[in-house]
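*Asks:* Got a structure for you, questions after.
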Amino acid sequence: MEELLAGPGHLRPRTVLQRIFGASPLSPEGLPWYRGALGEIAVGRLLQRLGPEWLVLHAVPVGTGASDIDHVLVGPAGVFTLNTKNHEGQPVWVAGRTLMVAGQKTRHLYNSAHEASRASKLLTTAAGFPVEVTGVVVVVGPKSLTIKARPEQAAVVTDAQLLRWLHRCPDVLDQQEVARISAAAARPGTWHRRPAHPGDPAALQHTFTRLHQLENQARRRRAAWLLGIPAVGFMMLANGAGMGAALFQALAGR
């Protein structure tokens, strides 16, 4: 979410006419970040339902740059890094080292395994004993998830399956181990060499909520105008080519 709101070029100004006809407040570069943020928020809400025996961290900055881990979980069932992927309405197919979305290969499994390995090294150093971490790709809202063969590098579940899958994992850590790992995970210096002062979560959420409202409003307006294309054509004839060109430019303003 923070990357979306802070990233240069992710949002774009709109003229009054563009607002009226439903031009998106998001740039083409910002749209994938927006969808990703929606997926992270959806999974974050699900994780609120885990019991008090779990530590849940969101958007954990890691390394030296701007990379982060969507969610880190520490509980009796172990330590997990969750890599959320919003593929709403798309078919997802998994076998071995391959994860495809709508027939296209992705690096989701590799990236999730890399995150888990990185987290394991950092937590092992911070906690003072070996910490195993399981990478999980959480696919949000897919049309279908087909597991043709067990994924080799990370677990793969949908958002609807996530909590049930976590509850089915056997306990591997005792209370003392959970406490020690949780204490290490909660320290920003465990993850990032130069941890930044965290932003105000409430302010970020408020800004994103407003952006979400504007995007939904724009979608509704585009849909309404597309349904009214015959009326637009009549207006073009009645008001001249200049007005018609402006209308269609606004309608195509994504």
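Yes/no per residue for (1) over 12 Å from the mean Cα position of the chain (by Cα); (2) within 14 Å of Val133 (Cα to Cα); (3) without any contact (Cβ under 8 Å) to a residue 40 or more places away in the chain; (4) assigned to a strand (DSSP E or B):
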| position | (1), (2), (3), (4) |
| --- | --- |
| Gly39 | no, no, no, no |
| Gly44 | no, no, yes, no |
| Arg49 | yes, no, no, no |
| Pro52 | yes, no, yes, no |
| His58 | no, no, yes, yes |
| Ile69 | no, yes, no, yes |
| Val72 | yes, yes, no, yes |
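*Asks:* Checking Leu162 against (1) at pLDDT 95 or above; (2) closer than 25 Å to Pro130 by Cβ, which single condition isn't satisfied?
*Replies:* It fails just one condition, (2).
*Asks:* Do you know which of the residues in region 74-88 that are farther than 17 Å from Thr134 by Cβ and surrounded by 20 or more Cβ atoms within 10 Å (Cβ to Cβ) is farthest from the chain's Cα centre (by Cα)?
*Replies:* Narrowing region 74-88 to residues farther than 17 Å from Thr134 by Cβ: 86-88.
From what is left, the residues that are surrounded by 20 or more Cβ atoms within 10 Å (Cβ to Cβ) are 86-87.
Numbers: Asn86: 6, His87: 10 Å.
The selected residue is His87.
*Asks:* Regarding Val56, is this residue in contact with a His (Cβ under 9 Å, 6 or more places away or on another chain) and within 17 Å of Val178 (Cβ to Cβ)?
*Replies:* On the way: in contact with a His (Cβ under 9 Å, 6 or more places away or on another chain): yes; within 17 Å of Val178 (Cβ to Cβ): yes.
So Val56 passes the test.
*Asks:* Which of the residues that make up region 12-71 are small (Gly, Ala, Ser) and more than 30 Å from Asp174 (Cα to Cα)?
*Replies:* Narrowing region 12-71 to residues small (Gly, Ala, Ser): 22-24, 27, 30, 36-37, 39, 42, 44, 51, 59, 63, 65-67.
Result: Gly22, Ala23, Ser24, Ser27, Gly30, Gly36, Ala37, Gly39, Gly65, Ala66, Ser67.
*Asks:* All but one of (1) in contact with a strand residue (DSSP E or B) (Cβ under 9 Å, 6 or more places away or on another chain); (2) over 24 Å from Ile41 (Cα atoms) hold for Gly128, so report the exception by its number.
*Replies:* The number of the failed condition is (1).
*Asks:* Among the listed residues Arg168, Arg97, Arg150, Arg118, which satisfies the condition of being more than 17 Å from the chain's Cα centre (by Cα), of a type in the set (D, E, K, R) and within 21 Å of Leu47 (Cα to Cα)? Outline the logic, then answer.
*Replies:* On the way: Arg97 fails: within 21 Å of Leu47 (Cα to Cα); Arg150 fails: within 21 Å of Leu47 (Cα to Cα); Arg118 fails: within 21 Å of Leu47 (Cα to Cα).
None of the others qualify; the one that does is Arg168.
*Asks:* Just give me the residues in region 5-57 being among the aliphatic types (A, V, I, L, M), modelled with pLDDT under 70 and within 22 Å of Pro142 (Cα to Cα), in sequence order.
*Replies:* Across region 5-57, the qualifying residue is only Leu31.
The values are calculated or read from the model by the stated rules, or taken from the named source; none is laboratory data. Being a predicted model, the structure only gives us computed values, none of them experimental. For neighbour counting, all protein chains shown are included, and Cβ atoms are generated from backbone atoms with ideal geometry for every residue, glycine included.
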